[in-house]
Every structure is written in C-alpha cells, then in structure tokens.
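Let me begin by presenting the structure, written as structure tokens, before commenting on it.
Each value in this text was obtained by applying a stated rule to the coordinates, not by laboratory testing. All values reported here derive from a predicted model rather than from experimental measurement. All Cβ positions, glycine included, derive from the backbone under ideal geometry; neighbour counts span all protein chains shown.
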Amino acid sequence: MLTKSIYDGLSKWRQERSITEPQSSYKSMMEEELFEEFLPAVRNNDFHETVDALCDMIVITINQFSTEQCEPATIPVSGHKSATEIESYLHKYEFGSNNCQLLLHIIDACVNELHSYNVDPNLAMEETIKEISSRRQDQTQQAEWSLQGGNTTGEKWHKDKSQPQSTLYKANYNRCIID
C-alpha cells in the first residue's frame with residue numbers, strides 16, 4: 001500500500017504545475033507507458049526502466065484518480081493483481097465516468113508488480129517524485145496555462161526539452177530493493 005506522503009507529494013507536484021483537471025489523454029498515456037516502456041523493459045530485463053515505467057503508471061493514475069475526486073483511503077490491497085491486468089482495466093476506462101474503483105485496481109496492480117521485483121513501492125515512488133519534481137515545464141505550454149489560469153483542458157504536461165541535464169535528478173531504484 002502506498003503511504004499518504006506519496007499522495008501528498010503528488011498533490012504538491014500537481015499544484016505546482018497547475019494540473020487540476022482529469023486528463024482526457026489518460027488512457028493513451030497509460031497505453032504508451034505499458035506497451036512502449038514497461039513491456040519492452042521487461043523483455044530486455046532492464047530493472048531500472050521496468051521500475052520506472054511502473055512508477056510512471058502510478059503517477060499518471062494517481063493524478064487521474066485525484067483530479068476525479070477519488071479518496072485514497074479506499075485503496076484495496078488484494079495481493080494478487082499484477083501488471084498483466086492493467087490492459088484489461090484500461091479497456092474498461094471511460095473518460096468522464098466514475099472510474100475510482102478501476103483506477104484503484106490499476107494502482108494496486110502496479111504496487112503488486114513492484115513487490116514482485118522486490119522493490120519497496122513507497123521508496124520507489126519517492127525516487128520518482130524527486131525525478132519528476134526536478135523537471136521544468138515546456139515554456140510555451142507554461143505561458144499558455146498561465147494565461148488560462150492553469151490546465152483547464154486536461155492536456156498532458158510537457159517537459160522542457162531544453163532543460164540542462166545537470167539540473168535533472170535521476171531516480172536510483174537500486175536504493176529501493178528490499179533485502
């Protein structure tokens with residue numbers, strides 16, 4: 001189970017970036033993460049990218065979960081859901097519907113998958129939050145959102161591709177391995 005500090009850290013991250021609306025691109029963002037990041041990383045036995053993709057899916061889902069006004073206190077811990085179930089959950093997802101329970105299952109599946117790699121999900125998420133918090137927003141998008149009073153359209157947040165690498169934190173998921 002993820003701690004409240006993870007939800008609070010992502011809440012702060014969303015506030016700093018004016019992410020206030022559910023993302024209409026949630027499903028495509030998750031499919032991209034699942035099929036273009038997670039599954040290739042698993043096939044290549046790439047521990048870092050596998051953990052990174054799972055954490056990214058948790059970030060995307062918690063952000064969607066929170067903007068849809070769901071309550072994190074109701075998170076089930078099933079012990080049996082895994083990343084293989086994420087695709088079936090995504091097929092059921094409908095933007096604008098009450099998806100709270102479905103989003104909880106996706107979070108649960110990702111957390112359980114992290115456990116299967118002997119990774120502490122809370123430590124991994126702390127590393128992920130440090131990494132995403134070090135990124136700056138694309139300047140054009142930032143200016144547009146500033147004029148609009150935030151992300152009023154549910155658009156995906158874009159990184160500033162010109163940000164110097166030296167200013168970015170890189171998550172160290174080896175710190176998160178459970179002995």
With +1 at each Lys and Arg Cβ and -1 at each Asp and Glu Cβ, the charge dipole magnitude of the chain around its Cα centre, to the nearest 20 debye, comes out at 380 debye
When the charge dipole of the chain is computed with +1 at the Cβ of Lys and Arg and -1 at the Cβ of Asp and Glu, the Cα pointing farthest to the positive end, of Y173, A143, L2, is that of A143
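What value, in deg cm²/dmol to 500, does the helix sum -39500 (n - 2.57) over DSSP H runs of n ≥ 4 give at 222 nm once divided by the residues of the chain?
Value at 222 nm, helices only: -16000 deg cm²/dmol.
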In the chain the cysteines whose Cβ sits 4.7 Å or more from every other Cys Cβ are C55, C110, C176
Ranked by GNM mean-square fluctuation in the chain (Cα springs under 10 Å), the top entry among T152, T20, T50 is T152
Amide H proximity to H158 below 5 Å, modelled H, separation 5+ or other chain, gives D138
So E32 and N45, fully extended at 0.36 nm per residue minus their Cα-Cα distance, gain in nm 2.8 nm
Karplus-derived 3J(HN,Hα) from phi for the range 85-98 (6.51 cos²θ - 1.76 cosθ + 1.60, θ = phi - 60°), whole Hz, x at Gly and Pro, runs 8, 4, 4, 5, 5, 5, 4, 7, 5, 10, 4, x, 8, 7
Among the range 133-154, those whose backbone N falls under 13 Å of a label point 7 Å along Cα→Cβ from E16 are 133-137
With no solvent term and unit scatterers on the alpha-carbon positions of the range 95-162, Debye gives log₁₀ I(q)/I(0) at q = 0.15, 0.16, 0.29 Å⁻¹ of -0.77, -0.84, -1.11
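Students often get this wrong, so check it: of K12/K130; K4/K27; K92/K159, which have C-alpha atoms separated by over 23 Å?
Cα-Cα > 23 Å for K4/K27; K92/K159; rest within.
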Quarter of the surface of the C-alpha convex hull for the chain, i.e. direction-averaged projected area in nm², equals 10.2 nm²
